[in-house]
Amino acid sequence: MYEKFQNNKTRNLDFTDIYKLVEPIKKLEKDEWLPDIYFIGKALKDYAGLPEDYGIKAIIEHAAQLNNNTNGGFGVHGSYPSIVSSSFRVSVIENIPKNNGAYAVGPYIAYVQSALSEDKLKLERERLGRNLLVFPAHSIRGLKAVYNINSFCEEIKKISKEYDSVRVCLYWKDVLLGTAEIYQKFGFEVVTAGHYYDPMFMSRLKSIIETSTMTMSNKLGTYIGYCIYLNKPHLLLKTKVDVEKISSDGKLAEIEQGLLEEVRKKDINRDVDQIYDLLSENREVITPEQYTFLNKYWGFTEVKSPKQLRKLLMAFEGEYQLKNNFEKKFYQLHESLIAKDVYINRLKNDAKLKNDKIMAQNDKIKVQNVYINRLKNDVKLQNDKIKKVMNSKSWKITKPLRNLKSYFK
């Protein structure tokens, strides 16, 4: 499955080669959605030691969620359980009627191998020096993030005085929308983790974070929890960020409308305000308060060992097989009952045909009996008439025997 989406041309590209890294996978760019966005499932399987072509029997939520949103099939879908980041999301999903269960595994970045080897990470850190890594509010397929980029760049410049280099990590959609050029004009190095259907996306993202000293953003996003988990402090600036719909057609338009409404409602959450407050100071330290509070949504303490993760995935497999076998046996029983019903109906039809034949024969016999009875009555009448004639006096005296035949004419 993954070979279909693997782009060998991007595997060894530099993170700054942004335009080649975000080349769309045309087969999936119109209306299709790949279930394993960012190939999180692949990372989990690799970590647990499962074959690449193995199918995880669960729905994997693509990112940390700070609300009760279950739209888009990310939280509850079909007859599978859900893999999520935190216990908070477990409680949300388990309160939904007819849910199939949810299980927290922590931030997915914990299960990913870095795209760069230890030696290359060391060289990159030496090249960058003290590095400020910036994650701007990002667009998504169909929705464009709208904010004052120039003003944000000025803020970055003020903060960057304490650092040797600045990297801006752009989402693939924003590269395609031409946002990179603005950041580059300010002298910032622009990188990207690549297209979200690229199996190397998470690995690149991990390397980009690992080579930084300090991280910052102007919008709450999953990258914040990833940075904290990888022990990179984060500064979150509270700036005005809106979204606008990008024209599209097909089923995607309906999906995007739902996403637009969710994005605009997302910040209506007291915990969101508290996260902004906790990350509002520019300091190269992760406080216990920050770690504890963000753990609620990213599940830092939920990270599993390879053995634990494999056990969980095999539990999903067992449940799937049990249900699948039950359904198979139920189907077989159902088919057997249908076959028996067909056989019984056939016997009933055969019996009905035989019964109809017997009834027809009985009717024929009845007709024959009526005819026989009529003949019997005729014979009886003739006999009675003969007796009457023979018993009469006139017959004995006047009618000679030779005239007996003419008597009856």
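The values are calculated or read from the model by the stated rules, or taken from the named source; none is laboratory data. Only a predicted model underlies this, so the values are computations on that prediction, with no experimental measurement involved. When we count neighbours, we look across all protein chains shown, and the Cβ atoms used for this are built from the backbone with ideal geometry, even at glycine.
Data table
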{"item": "Near pairs, Cβ below 8 angstrom, 6+ apart or cross-chain, from the range 269-291 (acidic (D, E)) to any residue that is surrounded by 14 or more Cβ atoms within 10 Å (Cβ to Cβ) and in a loop (DSSP other than H, G, I, E, B)", "result": "D271/L66; E284/T213; E284/P233"}
{"item": "Qualifying residue in the range 327-338 (condition: exposed (fewer than 12 other Cβ atoms within 10 Å of the Cβ), modelled with pLDDT of 80 or more and of a type outside the set (S, T, Y))", "result": "no"}
{"item": "Out of V379, V389, sole residue that is at pLDDT below 85 and touching a helix residue (DSSP H, G or I) at 6+ places or on another chain (Cβ under 7 Å)", "result": "V389"}
{"item": "Output for the range 11-37, where each listed residue is modelled with pLDDT under 90 and outside any loop (DSSP other than H, G, I, E, B)", "result": "R11, K26, K27, L28, I37"}
{"item": "Close pairs (6 angstrom Cβ cut-off, 6 or more residues apart or separate chains): free of Cβ contacts under 8 Å to residues at least 60 places away in the same chain and surrounded by 22 or more Cβ atoms within 10 Å (Cβ to Cβ) in the range 183-203, among the β-branched types (V, I, T) and not in a loop (DSSP other than H, G, I, E, B) anywhere", "result": "Y183/V168; Y183/V190"}
{"item": "Subset of the range 97-119 [over 25 Å from I59 (Cα atoms), free of Cβ contacts under 8 Å to residues at least 12 places away in the same chain and either part of a strand (DSSP E or B) or not small (G, A, S) (or both)]", "result": "E118, D119"}
{"item": "Options D119, D53: the member that is surrounded by fewer than 20 Cβ atoms within 10 Å (Cβ to Cβ) and at pLDDT 95 or above", "result": "D119"}
{"item": "Subset tally (residues that are touching a helix residue (DSSP H, G or I) at 6+ places or on another chain (Cβ under 7 Å) and part of a loop (DSSP other than H, G, I, E, B)) for the range 305-322", "result": "0"}
{"item": "Qualifying residue in the range 80-87 (condition: more than 15 Å from the chain's Cα centre (by Cα), part of a loop (DSSP other than H, G, I, E, B) and modelled with pLDDT of 90 or more)", "result": "yes"}
{"item": "Selection count, the range 186-206, where residues are under 25 Å from S280 (Cα atoms) and part of a helix (DSSP H, G or I)", "result": "2"}
{"item": "Enumeration of residues in the range 179-196 that are out of contact with any strand residue (DSSP E or B) (no Cβ under 6 Å at 6 or more places or on another chain) and closer than 19 Å to Y226 by Cα", "result": "A193, G194, H195, Y196"}
{"item": "Matching residues in the range 144-178 - criterion: being among the β-branched types (V, I, T), surrounded by fewer than 21 Cβ atoms within 10 Å (Cβ to Cβ) and either assigned to a strand (DSSP E or B) or free of Cβ contacts under 8 Å to residues at least 40 places away in the same chain (or both)", "result": "V146, I149"}
{"item": "Odd one out for V342, checked against (1) at pLDDT 85 or above; (2) hydrophobic (A, V, I, L, M, F, W, C); (3) part of a helix (DSSP H, G or I)", "result": "(1)"}
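Residue-wise test of (1) under 24 Å from L205 (Cβ atoms); (2) surrounded by fewer than 18 Cβ atoms within 10 Å (Cβ to Cβ); (3) at pLDDT below 55; (4) in contact with a helix residue (DSSP H, G or I) (Cβ under 9 Å, 6 or more places away or on another chain).
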{"site": "G225", "(1), (2), (3), (4)": "yes, no, no, yes"}
{"site": "I228", "(1), (2), (3), (4)": "yes, no, no, yes"}
{"site": "K232", "(1), (2), (3), (4)": "yes, no, no, yes"}
{"site": "L236", "(1), (2), (3), (4)": "yes, no, no, yes"}
{"site": "K240", "(1), (2), (3), (4)": "no, yes, no, no"}
{"site": "S247", "(1), (2), (3), (4)": "no, yes, no, yes"}
{"site": "A253", "(1), (2), (3), (4)": "no, yes, yes, no"}
{"site": "G258", "(1), (2), (3), (4)": "no, yes, no, yes"}
